[in-house]
Each structure stands twice: as C-alpha cells, then as structure tokens.
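Worksheet: one structure, shown below.
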Amino acid sequence: MRGSGVGSNEMTEKQNLWGGRFTEAPDKTFAEFNDSFRFDRRLFAADVRASIAHANGLVSAEVLTRDEGNAITNSLQQLLESSTKDSGFLESNAEDVHSFIESKLVELIGDTGKKLHTGRSRNDQVATAFRLWLRENIDEIGHVVVGLQHALIAAADRHADAVLPGYTHLQRAQPVLWVHWCLAYFEMLRRDRERLEDVRKRVNILPLGSAALAGTSFPIDREAVARELDFEGVTRNSLDAVSDRDFAVEFVGACSLVMVHLSRMAEDLILYCSTEFGFVKLSDAVSTGSSLMPQKKNPDALELIRGKAGRVFGHHTALLATMKGLPLAYNKDMQEDKEAVFDTVDTVAWCLKVAAIVLDNLSLDEARTREAAARGFLNATELADYLVKKGVPFRTAHDTVGRAVLFAAEDGRELNDLSFEDFRKFSEEIGDEVLEALSLDRTLDSKSQVGGTSRRRVADALHAARATLEEYK
Ligand code: ARG
C-alpha cells in the first residue's frame with residue numbers, strides 16, 4: 001500500500017527478532033499495529049519465569065553449559081527485580097514482551113543471551129506465559145469471589161429474621177427469608193468458583209517444547225520443565241498446543257457467568273432500592289447524584305456492574321469469532337486474545353469487589369419488606385396446600401383458592417382478612433385454624449425440605465455456607 005496516501009509511510013528503525021531476511025524496515029503505522037508490547041507487557045513476570053525454566057531445560061539437555069545457564073537465569077532474575085523496583089522499566093518500543101526480554105538479556109550478557117531462544121518459538125512461549133499468568137489470576141479471582149460470598153453472609157447476618165416477597169415474573173409470588181435471597185447468590189458464586197477451578201485444570205498444562213508448531217529438535221525434558229513451573233502436565237500435540245486458546249475462551253465463558261450472576265444481583269438491588277419497592281437503602285458511598293435533579297440518589301455502582309456484564313460477554317464472543325476458522329497452527333489473529341482476557345480479569349475482579357462493598361453498606365427496611373411479603377396473596381399457595389392436606393385434589397384446591405383470591409381482591413382484602421364464614425363459602429374443608437395456617441411464619445416454615453425457605457432450613461443452609469467458607473481456607 002505504499003504511496004496509497006493512507007498511513008505515514010515512515011519506516012521504523014527498531015530492532016526486532018526476525019530481521020535477517022528483510023531488506024526494508026517495517027512501515028511505522030504497520031509496526032504500531034503489529035506491536036503488542038503496550039498490552040502484553042503484563043506477561044513480563046510470567047514470561048521471565050517460563051524463560052528461566054526453559055534455560056534450565058536447555059542446561060539439562062546439555063544444549064547450554066551450566067555457566068551459560070547460570071548467566072541467563074541470573075540475568076533474568078535481575079530483570080525481574082528491576083521491573084519491580086523501576087517503575088519506568090517496562091517502557092519500550094519493543095515489538096512484544098518476548099522480544100523485550102530477549103533484548104534486555106542481550107544488553108546484560110551479550111551473545112550468551114542470544115542462546116535462550118534455542119528450541120523455542122514465540123508461539124509456544126506466548127502460550128506458556130499466557131497460561132502461567134492466567135493461572136495466577138484465576139486464583140486471584142477465586143479469592144475475590146469468596147470475598148463476595150463473605151459479604152453475602154454478612155448481609156444475611158445483619159438481617160437474620162427479615163422476610164421479603166419472592167417474585168416470579170416480577171409479580172409477588174411467595175414470601176422468602178432475606179437470608180434465603182443472600183444464599184441464592186452464594187450458590188451461584190459457589191458454582192462460579194467451581195467452574196474457575198475446573199478451567200484452571202486445562203489452563204495448567206505446559207505447551208513449551210512445542211516450538212513453532214512441530215515440536216523441538218532438542219532433547220528437552222518437558223515434564224521436568226512442567227514440574228519446575230508447577231504445571232500439571234505437558235500438551236500432547238504440538239500443532240494443537242501452539243494454536244489452542246480453548247482455555248482462554250473457557251475462562252472468559254466462566255467469567256461471563258460470574259457477570260450474569262452479578263448483573264442479576266445488581267438488578268434485584270436496583271429494583272429494591274427504588275422508591276416503588278423501598279426495600280433496600282444503598283449507602284451514599286456507592287451512589288451518585290444528579291447534576292440537575294437535586295433529590296436524586298442513583299445506584300451507579302450496581303448499574304455499572306450490570307452494564308459491564310455486556311463487556312465481558314463481548315470478549316467471549318470476540319474470542320470465539322477470532323478462533324473460528326483459523327487454520328492450524330499459530331496465526332497472528334491469536335494475538336487478539338490478550339486484551340480480551342486481560343480486560344475480563346480486570347472487569348470481573350473489579351465488579352466482584354464493588355459488589356461486596358455495596359453489600360457491606362446496604363441496609364434493609366425490614367418493616368417494609370415484611371409488610372410487602374404479607375400483602376399480595378403470597379399465602380395463596382399455602383391455602384391450596386392446606387386444602388390438599390385435608391384431602392382435596394390439588395387442581396380443585398387451586399381453583400377454590402383462585403376464587404377466594406378473586407373475592408378478597410375485589411373487596412380490597414387479603415386472604416388473612418377473610419372471616420371463617422367467608423372461607424366456608426369456598427370450601428367445606430376449611431377449618432377455623434385456617435388463619436393460623438396462613439400466617440407469614442407458617443407460610444415460610446412449611447417450606448421445610450432441603451433447599452426450602454423455612455427458618456430452620458435456612459439456618460442450616462447458612463451454617464453450611466459458613467462451613468464452605470471455612471473449607472476454602
Ligand atoms: N505477540 C504474539 C502473540 O501474542 C506472540 C507470538 C508471535 N509469534 C509469531 N510467530 N509472530 O500471539
């Protein structure tokens with residue numbers, strides 16, 4: 001496209017890893033387009049660690065002398081230290097993190113540094129560093145998930161006896177305990193954590209030793225390298241190893257479900273803190289005002305969590321679309337994996353932390369939620385169940401109660417407001433203990449099987465959830 005008028009048509013002077021067969025310098029605009037250092041420098045520490053293991057592998061294979069190996073590994077360590085001490089260390093116009101590290105190594109020890117890349121390609125190198133980096137970050141996200149689980153338990157404890165209406169179709173359905181609501185999200189996060197652990201197993205396999213695509217011709221003990229880097233095993237096929245990003249797709253998929261859960265929790269709370277519901281008070285610390293309407297207090301923290309879910313789903317779709325139809329083996333398209341995964345890690349961790357802060361600072365208007373749970377015929381199913389226990393077939397009981405609800409509703413009353421005589425108009429089976437049977441407490445406590453919202457079950461479930469958190473430690 002030279003002379004097309006598009007781009008700068010300036011050439012760059014920088015050193016790269018592959019200049020030998022080139023006679024012209026890369027176009028400046030293309031070089032910037034091609035470079036990944038601005039984002040893949042996040043892999044620096046992981047890539048150095050993997051490089052040290054690779055150097056050790058080369059020494060064991062007697063490809064490098066012990067002295068050469070020591071010079072390389074000591075210098076790599078030194079680079080690692082410099083990167084933690086010197087904030088400007090990772091500023092460079094290097095093509096990518098791999099060429100950056102190699103150039104720094106050669107700066108330190110000259111030609112010996114040029115031997116490190118023996119038997120390796122950036123294709124197996126980047127896959128290795130990426131997996132190492134992701135493994136650590138999966139563990140980190142696991143911790144943050146547990147942090148939110150703690151916040152849910154704390155929020156449950158702060159309102160241990162609170163009752164609120166449960167909804168289906170966003171219509172009042174049956175009363176549930178606030179603790180039950182908290183534990184519903186606890187369960188979602190439990191699955192999220194399990195899913196991340198499961199993904200981690202497939203992340204934690206070493207591709208190094210696959211070289212560019214065909215495997216390495218040096219007798220490197222890949223199992224030993226894997227052990228040194230705490231990988232569970234080594235990849236079995238070099239073509240697959242350098243072109244597999246399933247682990248990244250799976251990871252972002254698992255994170256997408258985390259975001260689905262956070263987004264649903266956000267939506268519940270956004271509704272609950274509206275004037276219409278008035279169940280929940282959010283702290284000023286996680287709300288914002290309006291530049292125009294002085295009365296406003298908006299749930300921005302929750303709205304951003306809900307919104308950022310879309311961003312993570314986008315990364316998932318992007319990764320799938322990038323990988324689809326790529327011929328074996330490595331293709332540069334795959335460089336697009338980094339930003340999707342990095343941003344997913346950042347976004348999910350951030351949302352989890354903010355969600356915990358929102359919960360830590362939230363309070364429930366228990367009188368109002370109890371009142372809401374007692375109005376709107378949330379005990380209608382209870383009356384049907386009551387009739388069933390008297391021997392009425394459920395379908396008949398359903399119809400009977402439906403008519404009783406209609407009667408009460410037309411009169412602006414609840415089922416509890418009906419007199420014994422009113423009830424008898426609908427069924428001969430109804431006894432005078434019916435009102436007691438329809439009380440809020442009885443309505444809750446009848447849901448006494450595993451997973452139900454009876455006070456005993458929920459106390460047990462809360463206890464079990466605490467035990468789960470203990471096990472995580
Ligand atoms: N920056 C590249 C990536 O992220 C590293 C691998 C490049 N390999 C290559 N042969 N160009 O995928």
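No lab work stands behind these numbers, since they all come straight from the coordinates. Given the structure is predicted, the values throughout are model-derived calculations rather than measurements. Cβ: placed from backbone, ideal geometry, glycine included. Neighbour counts: every protein chain shown.
Observations, loosely collected:
- GLU303 paired with GLN77, simple spin-label distance in nm, labels 7 Å along Cα-to-beta-carbon: 5.4 nm
- Across the cross-link table entries LYS332/LYS353; LYS281/LYS473; LYS297/LYS353; LYS308/LYS473, which are compared at the Cα atoms, the separations over 23 Å belong to LYS332/LYS353; LYS281/LYS473; LYS308/LYS473.
- Furthest towards positive pole of dipole, THR400, ASN298, MET323, structure part segment 273-400, Cβ charges: THR400
- Estimated FRET transfer efficiency when R0 is 22 angstrom, pair ARG38-ASN331 (beta carbons, to 0.05): 0.60
- With Cα atoms, 0 to 90° folded angle of helix 122-158 axis to the chain main axis: 20 degrees
- Values of log10 I(q)/I(0), in the order q = 0.14 Å⁻¹, for segment 219-294 under a Debye, Cα-only, solvent-free model: -0.70
- Mean ellipticity per residue at 222 nm, deg cm²/dmol - from DSSP H runs of n ≥ 4 across the chain, formula -39500 (n - 2.57): -19500 deg cm²/dmol
- Placing +1 on the Cβ of every Lys and Arg and -1 on the Cβ of every Asp and Glu, with nothing else charged, gives the chain a dipole about its Cα centre of roughly 340 debye.
- Put simply, when 263-270, 242-249, 30-37 are sorted by average Cβ atoms within 10 angstrom per residue, most first, you get 242-249, 263-270, 30-37.
- Ordering of 366-378, 54-66, 161-173 by burial proxy (mean other Cβ atoms within 10 Å per residue, highest first): 54-66, 366-378, 161-173
- ARG264-GLU24 FRET efficiency (beta carbon distance; Förster radius 56 Å; 0.05 resolution): 0.55
- Sequence-distant aspartates and glutamates (8 or more away, or on other chains) whose Cα lies within less than 17 Å of LYS425: ASP399, GLU410, ASP411, GLU414, ASP417, GLU433
- Compared with the dominant principal axis of the Cα atoms in the chain, helix 178-203 is inclined by about 20°.
- Label-point separation in nm, ASP157 to ALA321, each point 7 Å along Cα→Cβ: 4.6 nm
- Taking the average, over residues, of other Cβ atoms within 10 Å as the packing measure, peptides 391-402, 336-347 rank 336-347, 391-402 from highest down.
- Extension gain, ASP360-SER60: 0.36 nm per intervening residue step, less the Cα-Cα distance, totals 102.7 nm.
- Legend: calculated FRET efficiency, GLU107 to GLU136, from the Cβ-Cβ distance at R0 = 35 Å, rounded to 0.05, equals 0.80.
- Set of aspartates and glutamates with alpha-carbon distance to LYS296 below 17 Å, sequence-local pairs under 8 removed: GLU276, ASP284
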